[in-house]
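Here the structure is laid out as structure tokens; the discussion comes afterwards.
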Amino acid sequence: MDGTSPHDGRALSGLRFSAATAAFQVEGARTADGRGRTIWDDFVDTPGNVSDGSTAEPGPDSYHRVDEDIALLSGLGVDRYRFSISWTRVIPDIGASQSINETGLDYYDRLVDVLLAADITPEPTLYHWDLPVALEAVGGWLNRDTAHHFADYASVVAGRLGDRVRHWYTINEPASTSLQGYALGELAPGRALLFDALPTVHHQLLAHGLAAPMLREHGALQAAPTLNHSLILPATETETDLAAAGLLDAIMNRLFTDPLLVGEYPDLSAFGVQMPFADGDMELIAAPNEVYGFNYYNPITVRSADGELPFEMVPTPGAATTGFGPMWPIRPDTMRDFLIDLHERYGAQLPPIIISENGAAFPEPETTTTEIVDTERIDYLSSHLSAVLEAKAAGVRIDGYTVWSLLDNFEWAEGWPQRFGLVHVDMNTGTRTPKASYRWYRDLIAAANA
Ligand code: BGC
């Protein structure tokens with residue numbers, strides 16, 4: 001497909017369109033109005049953790065620019081906005097007072113009202129990686145209590161916003177938190193526990209399982225986690241590489257799909273780990289959700305290795321790459337294949353899918369006075385949308401598509417240089433300049449709604 005021409009409007013017409021951001025990545029204002037500290041505050045304040053030394057401030061400063069951001073969303077014509085709520089704006093000090101910070105809640109309250117006034121459905125995520133430091137101090141997601149604290153927090157937020165918010169995401173990308181945050185130490189909290197990190201998977205899924213019914217009690221029509229998946233490709237067809245790919249597929253994908261969709265974990269004996277589940281946990285985790293939040297960026301190619309881990313990730317041969325280089329290959333066909341496989345593997349257990357994130361970073365200037373012509377991003381998004389349509393044509397029920405991201409934002413350990421936005425942001429002044437991809441997405445949504 002030609003990346004610059006819109007898709008056939010009729011093929012797109014069943015999809016709801018959205019754009020996403022996350023609190024720590026766009027809000028800035030880390031000490032405003034009583035916000036408490038998170039593991040990401042500790043991470044960015046420790047020299048050497050973030051490639052460019054940036055600290056998520058001032059950045060897009062969305063905390064102070066709600067009207068501007070919502071005008072951008074209105075201009076796009078999206079049905080929904082996926083943003084996230086900062087736990088420590090709501091409950092700044094989990095350990096001591098536990099008291100609720102009404103000023104922090106006011107910010108989200110107003111955001112919701114402005115969205116609704118613009119006819120955009122708010123779709124908040126309750127946890128996008130910004131765990132309160134007080135919880136990390138007692139083990140973070142290794143500690144089962146964190147799941148209960150999360151449910152309490154969910155209940156507080158739903159108590160305030162549940163009269164207007166009906167569509168929620170609970171936990172974002174538990175695989176990233178467990179694998180990059182606790183197993184490898186690349187993301188906050190920066191722990192390198194390897195397979196000993198696996199209990200963090202169970203506690204995050206349990207957090208979802210405990211929170212979702214509370215959200216529904218407050219009128220939620222959707223209360224689902226968002227899962228990041230990658231198709232795992234063996235580097236060669238040798239038995240050892242195939243086995244390595246099977247192991248990584250179990251850790252990255254089936255460790256999440258199996259418990260959520262069939263109520264059991266895959267066989268983890270190869271890792272020497274037992275999941276710390278108690279009676280009733282699996283029923284909570286596998287309780288049906290209205291949708292399946294699906295984040296997809298790239299496949300991972302893997303070969304067997306003899307190091308601390310029995311596999312090693314390698315570049316995907318022949319694939320173009322994003323601004324992250326060889327480890328972020330562009331292979332939209334793998335998104336289609338993954339979706340079809342998910343549908344075939346889980347059948348009726350799989351609820352309708354919402355693509356809750358998809359997007360790419362490419363090198364772009366820090367400042368601009370003119371529209372950036374980000375043809376590579378348009379091609380990336382266009383080809384992945386085609387993959388979504390192919391999966392739909394093959395029988396996979398997909399109801400929504402979400403671009404990551406509305407804005408250039410703080411790309412975690414990579415800092416500012418990796419820009420994912422439809423809108424360019426000058427990280428010193430906060431100035432927003434829509435890119436060509438913004439116009440492209442706007443025209444595509446208009447064609448879908450025509
Ligand atoms: C995360 C986002 C992140 C994006 C690009 C997803 O894994 O949910 O927060 O910015 O990928 O890395």
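Taken together, the values in this text are just the output of simple stated rules run on the coordinates, not laboratory data. Since this is a predicted model, take the numbers as computed values, not measurements. Glycine also receives a Cβ, built like all others from the backbone with ideal geometry; neighbour counts cover every protein chain displayed.
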Inset, instruction - Might you report the magnitude of the Cβ-based charge dipole of the range 311-450 about its Cα centre, with Lys and Arg at +1 and Asp and Glu at -1, to the nearest 20 debye? - result: 380 debye
Legend entry - Unit charges at the beta carbon, dipole of the range 9-449: most positive-side option, ILE232, LEU179, SER405: SER405
Legend entry - GluC sites (Glu not before Pro) lying in DSSP loop within the range 176-267, provided at most 13 other Cβ fall within 10 Å: GLU237, GLU264
Inset, instruction - Run through every distinct alpha carbon pair of the chain and return the Kirkwood hydrodynamic radius in angstroms, one decimal place. - result: 22.0 Å
Legend entry - For the range 46-62, 3J(HN,Hα) per residue [Karplus equation, 6.51 cos²θ - 1.76 cosθ + 1.60, θ = phi - 60°, Hz, x = Gly/Pro]: 9, x, x, 6, 10, 3, 9, x, 7, 10, 6, 10, x, x, x, 6, 4
Inset, instruction - Evaluate the Debye formula for the range 152-219 with equal point scatterers sitting on the alpha carbons, no solvent, and hand back log10 of I(q)/I(0) at q = 0.17, 0.23 Å⁻¹, in q order, two decimals. - result: -0.65, -0.86
Inset, instruction - Taking amide H positions as placed in the peptide plane 1.01 Å from N, state which residues far from PHE83 in sequence (5 or more) or on other chains have amide H under 5 Å from it. - result: THR21, GLU123, THR125
Legend entry - Longest exposed-site-free window of the chain, the sites being trypsin sites (Lys or Arg not before Pro) in a DSSP loop that have at most 15 other C-beta atoms within 10 Å: 165-396
Legend entry - the range 245-341, Cα convex hull volume normalised per residue, Å³: 130 Å³
Inset, instruction - Name the long-range amide H neighbours of LEU233: under 5 Å, sequence gap of 5 or more, or other chain; modelled H, no Pro or chain starts. - result: ILE300, THR301, VAL302
Inset, instruction - Place a +1 charge on the Cβ of each Lys and Arg in the range 9-449 and a -1 charge on the Cβ of each Asp and Glu, then give the dipole magnitude about the Cα centre in debye, rounded to the nearest 20. - result: 980 debye
Inset, instruction - Using Cα centres only, tell me the gap between the range 200-240 and the range 108-132 in whole Å. - result: 20 Å
Legend entry - Helix-derived mean residue ellipticity, 222 nm - over the chain, DSSP H n ≥ 4, -39500 (n - 2.57), to 500: -10500 deg cm²/dmol
